[in-house]
Amino acid sequence: MTKDRQLCIGLSLSTTWMRGNGWRQEDSGVENLYSSDFYVRLAKMAEKAKLDFVFKPDALFLKEEMLGNSPAFSSLDPTILLTSIARETDQIGLVTTVSTTFNPPYVVARQLQSLHWISNGRAGWNIVTSIEGAENFSNSPMPSTEERYLKAIEFTDVVLKLWESYPHEALIVDRVSGKYADREMVSPINHSGDFFSVKGPLNLPAHKSGSIPLFQAGASTFGRDFAASVADAIFAATPDIASGIELRDDLRRRARKHGRRPDAIRVLPGLYFFLGKTRGEALDLHREAHAHMSIAHRYAAVKSILGIDISHLPLDQPVTADLLPDPNQPVRSQTHADLLRRLIMHQQPTVEELLSRPEVVGSAHWVIVGTAEDALREITEWFEAGAMDGFIALPGGSIKSLELFFDELIPMLVEKGLFRSEYKGCTLREHLGIT
């Protein structure tokens with residue numbers, strides 16, 4: 001399975017090790033949370049390790065009720081942050097997050113192409129439809145999942161057309177003849193759709209390195225089909241190897257239906273890891289990271305994700321499919337709901353088991369708790385089983401966990417032949433193998 005294949009690895013620049021009480025640790029870096037220098041240092045560490053890209057998730061709202069004991073989703077704007085990182089790095093990819101629900105496509109097309117120019121071909125776009133934040137943009141309620149994805153499809157189409165409206169080949173810049181660009185190659189897009197009306201062309205030429213790679217994070221039915229139609233990589237929430245295999249196989253099938261090569265889509269689950277020198281140390285990190293979450297909070301999380309109240313059930317009672325509500329009822333996140341629904345339908349966990357699930361205690365992502373050797377074994381197993389094409393690193397518990405990732409785990413992956421020892425190119429497209 002791994003012959004001629006290597007992992008694609010990115011690093012999330014969200015400070016995931018500060019979850020829970022993690023920000024209270026002396027070495028957490030919380031004092032520098034809003035300093036670009038802090039993130040530049042992380043990006044340089046990732047570039048030194050030859051990672052494909054750094055990645056900045058985003059949320060367009062503030063959880064005020066969480067501010068008493070956490071940063072509560074507050075963060076620097078991802079595109080501005082990555083622009084500052086572009087000036088301090090040379091080769092690592094820079095994947096920003098931009099919502100299609102709350103932004104105008106012309107502005108987004110220009111901002112992303114600007115980042116592409118400033119970084120010399122290293123920009124990437126993580127396309128999200130957002131699940132909260134409508135109140136910060138209008139008085140209208142949050143659109144349904146279906147409407148958000150229909151808008152995302154049109155939004156992405158407009159952005160792609162704008163990037164094509166002023167091709168790099170149109171630039172001539174001939175001082176002798178006085179001709180700057182070939183006017184015939186630059187043209188309006190004259191888009192008129194259900195959500196947007198955009199004339200174009202974009203007032204910035206495309207970069208010579210080619211189109212900007214697209215990432216997508218939705219794992220719902222709508223999200224999967226959208227991703228299969230346009231995305232080069234998927235930031236996936238797959239808590240176990242079976243869900244990873246199912247998602248990757250499904251996306252590859254959908255890609256074929258859209259006339260794309262299955263290998264054109266790279267499935268990159270978030271890997272939320274707690275690494276220690278010993279397993280005991282790693283377990284302590286994981287336990288401390290979630291100690292703040294009471295049983296009441298866990299019951300509330302299940303209700304928020306699935307729409308069911310299981311607080312009256314005995315802890316040893318299995319949670320079965322007949323307890324699940326109508327799958328068509330509105331939920332906060334269809335991705336999280338689908339993950340837990342599949343778990344309940346296939347495994348019938350007890351109430352106690354359900355309350356301890358990663359999706360409930362704070363992450364729907366793949367979680368590894370152990371030493372670097374433990375992580376190496378599990379990553380190899382997932383890769384060989386076809387559960388992923390790589391991963392996006394989400395360090396947990398402590399900044400020391402991130403240091404072990406760079407100092408021990410990455411060298412082990414290189415030695416095993418699963419990851420590169422040197423870059424073969426300077427653009428994100430080259431790192432991802434996009435031809």
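A few points about this structure:
- Cβ pairs under 8 Å, 6+ apart, first in the stretch 371-384 and open to solvent by 60 Å² or more (accessible area, probe 1.4 Å), second part of a helix (DSSP H, G or I): Glu373/Met412; Glu381/Ile241
- Residue in the stretch 295-305 that is part of a loop (DSSP other than H, G, I, E, B), closer than 23 Å to Ala236 by Cα, within 30 Å of the chain's Cα centre (by Cα) and not hydroxyl-bearing (Ser, Thr, Tyr) present: no
- Within the stretch 98-111, the set of residues being touching a residue at least 60 places away in the same chain (Cβ under 8 Å) and crowded, with 21+ Cβ neighbours inside 10 Å comprises Pro105, Ala109.
- Annotation for the stretch 281-289: no member residue is without any contact (Cβ under 8 Å) to a residue 40 or more places away in the chain, in a helix (DSSP H, G or I) and in contact with an Asp or Glu (Cβ under 8 Å, 6 or more places away or on another chain).
- Unique residue being out of contact with any Pro (no Cβ under 9 Å at 6 or more places or on another chain), touching a residue at least 40 places away in the same chain (Cβ under 8 Å) and of a type outside the set (S, T, N, Q) when the list is Met412, Met345: Met412
- Long-range neighbours under 6 Å by Cβ, at least six apart or interchain, first residue on the phi > 0 side of the Ramachandran plot within the stretch 182-210, second open to solvent by 40 Å² or more (accessible area, probe 1.4 Å) and among the aromatic types (Phe, Trp, Tyr): none
- When residues in the stretch 130-145 are screened for being in a loop (DSSP other than H, G, I, E, B) and either outside the structural domain of Phe73 (by the TED database) or within 15 Å of His336 (Cβ to Cβ) (or both), 3 of them pass.
- So Arg420, is it assigned to a loop (DSSP other than H, G, I, E, B), of a type in the set (D, E, K, R) and buried (at least 16 other Cβ atoms within 10 Å of the Cβ): yes
- Filtering the stretch 196-241 to residues that are open to solvent by less than 30 Å² (accessible area, probe 1.4 Å), closer than 15 Å to Val95 by Cα and not hydrophobic (A, V, I, L, M, F, W, C) leaves Pro213, Gln216, Asp232.
- Taken over the stretch 242-263, the criterion of being at negative phi, surrounded by fewer than 17 Cβ atoms within 10 Å (Cβ to Cβ) and small (Gly, Ala, Ser) is satisfied by Ala242 alone.
- Only one of Asp52, Asp37, Asp27, Asp90 that is under 29 Å from Ile153 (Cβ atoms) and among the acidic types (Asp, Glu): Asp52
- Flag if Val54 is of a type outside the set (Lys, Arg) and either farther than 24 Å from Leu432 by Cα or open to solvent by 50 Å² or more (accessible area, probe 1.4 Å) (or both): no
For every residue, the table says whether it meets (1) open to solvent by less than 20 Å² (accessible area, probe 1.4 Å); (2) over 24 Å from Arg122 (Cα atoms); (3) of a type in the set (Ser, Thr, Tyr).
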site: Met18; (1), (2), (3): yes, yes, no
site: Gln25; (1), (2), (3): no, yes, no
site: Ser36; (1), (2), (3): no, no, yes
site: Lys44; (1), (2), (3): no, no, no
site: Glu47; (1), (2), (3): no, no, no
site: Leu81; (1), (2), (3): yes, no, no
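- Of the strands (runs of 3 or more DSSP E) lying entirely inside the stretch 148-260, the ones with 1 or more residues being farther than 28 Å from Asn103 by Cα are found at 171-174, 179-181.
- Applying a threshold of 7 Å to beta carbon distances and a minimum spacing of six or more residues, or different chains, the list of pairs starting in the stretch 131-160 at a residue that is at pLDDT 95 or above and ending at one that is of a type in the set (D, E, K, R) and open to solvent by 20 Å² or more (accessible area, probe 1.4 Å) reads Glu154/Asp194.
- Qualifying residue in the stretch 83-97 (condition: within 26 Å of His290 (Cβ to Cβ), open to solvent by 50 Å² or more (accessible area, probe 1.4 Å), of a type outside the set (Gly, Ala, Ser) and assigned to a loop (DSSP other than H, G, I, E, B)): no
- Filter pass, Gly270 being in the same structural domain as Ile131 (by the TED database) and either part of a loop (DSSP other than H, G, I, E, B) or without any contact (Cβ under 8 Å) to a residue 24 or more places away in the chain (or both): no
The values are calculated or read from the model by the stated rules, or taken from the named source; none is laboratory data. Source: prediction; values computed, not measured. Note: ideal-geometry Cβ built from the backbone for every residue, glycine included; neighbour counts use all protein chains shown. Ligands, DNA and RNA are stripped out before the accessible areas are found, and what is left, the full protein with its side chains, is counted by its heavy atoms. Shrake-Rupley method; radii C 1.70, N 1.55, O 1.52, S 1.80 Å.
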